[in-house]
Every structure is written in structure tokens, then in C-alpha cells.
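K.L.:
Next up is a structure, given as C-alpha cells.
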Amino acid sequence: SDNLDLRSALRTLRSVQAEVRYREGVLKASGCPDIDAHNQTEAGPLLPRIVVVIDEFQVLTADFPPGVEALESLTALGRSLG
């Protein structure tokens with residue numbers, strides 16, 4: 001695996017993590033439990049769903065522990081936040 005590609009993947013995952021933190025704040029401010037409830041109100045910006053596609057998942061998880069940690073964090077919170 002190429003270290004540059006792995007670093008790029010981690011940078012992308014961290015960007016998605018930042019979006020998740022932003023969405024947590026938006027949902028807290030709107031008092032909504034999840035993205036679907038929030039998007040049915042006019043309490044803030046419409047939050048589209050985000051889909052993360054990972055090519056060479058095995059390489060990321062086998063060779064790059066920071067990538068695994070980022071993925072675990074995203075999957076723990078991501079569903080309700082879109």
C-alpha cells in the first residue's frame with residue numbers, strides 16, 4: 001500500500017468526522033434526535049445524507065490502524081447523523 005494514499009484516505013475520513021461533529025451540533029440546536037426528524041423541520045440547514053465508499057477496504061483496515069479508528073468512530077455515530 002502507498003503511504004500517500006493511506007494518508008489521503010485518513011484525511012478524507014477526518015473531514016467526514018468533522019462533518020459528523022457539525023451535524024451533532026445542528027441536531028442539538030434543533031432539538032431533533034436524528035437527521036430525518038431535523039430535515040422535516042425548518043430548524044436549520046437541510047442535511048443531505050453522506051455516503052462513504054472505500055476502495056481497497058482490506059488494505060485500509062489491515063495496514064493502517066488510524067483508518068480503522070476513524071471508521072469505527074464514524075460508524076458509531078454516522079447513521080443517525082446522515
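K.L.:
Anyone know which of ASP34, ASP55, ASP63 comes out most mobile in the 10 Å Cα GNM of the chain?
P.N.:
It is ASP55.
K.L.:
Relative contact order for the chain: what is it in percent, counting Cα pairs under 8 Å that are at least 6 residues apart?
P.N.:
Worked out over the chain, it gives 44 percent.
K.L.:
May I ask for log10 I(q)/I(0) of the chain at q = 0.27 Å⁻¹, from a Debye sum over the Cα atoms as equal point scatterers with solvent left out?
P.N.:
-1.27
K.L.:
Taking the Cα atoms only, what angle lies between the long axis of helix 3-30 and the longest principal axis of the chain, rounded to 10 degrees?
P.N.:
So the helix axis and the longest Cα principal axis differ by about 10 degrees.
K.L.:
Over the chain, with a Gaussian network built from C-alpha contacts below 10 Å, which listed residue (GLU72, GLU56, GLU19) shows the highest mean-square fluctuation?
P.N.:
Of GLU72, GLU56, GLU19, the most mobile in the Gaussian network model is GLU56.
K.L.:
Label ASP36 and GLN17 with points 7 Å out from Cα along Cα→Cβ: what is the distance between them in nm?
P.N.:
Taking the simple label geometry, ASP36 and GLN17 are separated by 2.8 nm.
K.L.:
A further question follows. Can you put ASP36, ASP2 in order of Cβ neighbours within 10 angstrom, beginning with the fewest?
P.N.:
Placing the least packed residue first, the sequence is ASP2, ASP36.
K.L.:
Once R0 is set to 41 Å, what does the formula 1/(1 + (r/R0)^6) return for the Cβ-Cβ distance between LEU10 and LEU46, expressed as a FRET efficiency to the nearest 0.05?
P.N.:
With a Förster radius of 41 Å, E is 0.90.
Here, each number is a calculation from the coordinates, and none is a lab measurement. As the structure is a computational prediction, the values presented were derived from the model and not from experiment. In this analysis, Cβ positions are derived from the backbone assuming ideal geometry, glycine residues included, and neighbour counts consider all displayed protein chains.
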